[in-house]
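Everything on this sheet refers to the single structure shown next.
The values are calculated or read from the model by the stated rules, or taken from the named source; none is laboratory data. All values derive from a computational prediction rather than experimental measurement. With ligands, DNA and RNA removed, areas are computed over all heavy atoms of the protein, side chains included. Shrake-Rupley method; radii C 1.70, N 1.55, O 1.52, S 1.80 Å.
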Amino acid sequence: MVNYLLLCSVLMALLAIGPEPAQALPLTIRVAVQKQVAAVRLTGERLKVRDEKGAVLDVDFPLVARRSGNSVSAGGMRVKALKVSSPGYLRINGKGYRGTTEVMASGSGLLVINEIDLEEYLVGLINCEISSRWPMEVIKAQAVIARSYALFQREARKKQPFHLESTVMDQVYNGCDVEDGRAAAAVAATRHEVLTYNGRVVQAFFHSRCGGHTEASENVWSLKLPYLSGVACSYCAGSPSSKWEVNLARQKVESLLRAGGYQVRGIKEIRPVNRYQSGRIADLEVVSDVGSVFMPAVVFRRLAGYAVIRSTDFESMMMGDSFLFNGSGNGHGVGLCQWGARQQAEEGRSYREILSYYYPGVGLGRIVAD
């Protein structure tokens, strides 16, 4: 999902300082919805545009913002940042977003941040992460863990321009166009509820399907969290794509590994050195004409691509000039298994029971609005 070394350092820092108690947190969240883009097209009704100092700008719509040096060029003006608000929603490159949107120069392009009420954010998130057609109890569970994760990240990144990515780097969020009544009902039914451990909001990781056993956090990010110790889960066994297969050319694998700093040429075998209790590979040995190299399986997956090697529970076989990978599960495996949670809900378990199963020892608390 994220840069391995960077995530480890961030998680270690969070373990040391911990997030503030939930009651002290504001109920808005800043989400990076576009990063490093050359231009942004803004449209909508009754939009109000201000610069970084709060001065109202007289502009026409649609408004196209572009990077200009260290500033933003839009409507014939150059400003440090644009802040666009609407009583309803605005469209960013065609997608609808609620709240306030800020456009600023960042890196070699533009950074677009959507600041939105946390509960409204969750309604839009549901159909990006699961489906609102799933049983209501699993939708409620998704709302609680997404709220918990968002608030944890908000505190961890309070000194950064944004709190969350809008991709699988954090939680997938594509705005308000996918909102619906069932998603809104689940969010409303769990309003302000969060998972807590020792009185603090937890970092509620989740993934698509575990393949039989969720993973302990220390096996993925070298950080042991008591509520992310890994549990047996047979519930996702019948889910679509619980098993996967992918064929990669040997030359492609070698290129990806060399790009990651591993010197390989003429790979003959990719084999597990050891596995965790969950069945996922801990370390791999890659045997090639220039010797063997060893690496954590999570690093191999990152280099090969998370959408390609869907989990670290796999076997590999050389077939001609390519490698065939057969695996189970989808995602890092830590925390709640979404497809497993769906099956538990279909079997009659409540969202509280589902959450207790995947996050042992947690409590269910409630944040207080400002």
Using Cα positions and a limit of under 20 Å, work out the lysines in reach of LYS268, with same-chain residues fewer than 8 apart set aside.
LYS252
Which one is right for this structure if Kirkwood radius over Cα pairs in Å is calculated from it: (1) 21.5; (2) 22.2; (3) 30.3?
(2)
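For the pairs LYS140/LYS243; LYS83/LYS140; LYS53/LYS159; LYS35/LYS243; LYS35/LYS224, note any where the Cα-Cα span goes beyond 29 Å.
Details: LYS140/LYS243 27 Å; LYS83/LYS140 33 Å; LYS53/LYS159 19 Å; LYS35/LYS243 33 Å; LYS35/LYS224 31 Å.
Going by Cα-Cα distance, LYS83/LYS140; LYS35/LYS243; LYS35/LYS224 fall outside the 29 Å limit.
If I take every Cα pair under 8 Å that is 6 or more residues apart in the chain, average their sequence separation and divide by the length, what percent do I get for the relative contact order?
Numbers: 811 pairs, mean separation 66.6, N = 370.
The normalised contact order for the chain reaches 18 percent.
How much of the accessible area of the chain, in percent, comes from carbon and sulfur atoms when a 1.4 Å probe is used? Kindly include the intermediate steps, with their values, before the conclusion.
Details: 7930 of 16150 Å².
Here carbon and sulfur together make up 49 percent of the probe-accessible area.
Which shape class, rounded, prolate or oblate, goes with the stretch 212-370 when its Cα gyration tensor gives a ≥ b ≥ c as root eigenvalues, a/c under 1.5 marks rounded, and past that a/b bigger than b/c marks prolate? Don't skip to the answer; put the middle values down first.
On the way: a/c = 2.78, a/b = 2.03, b/c = 1.37.
In terms of gyration-tensor shape, prolate.
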How far is helix 4-17 tilted, in degrees, relative to the longest principal axis of the Cα atoms in the chain, given as a value from 0 to 90 rounded to the nearest 10?
70
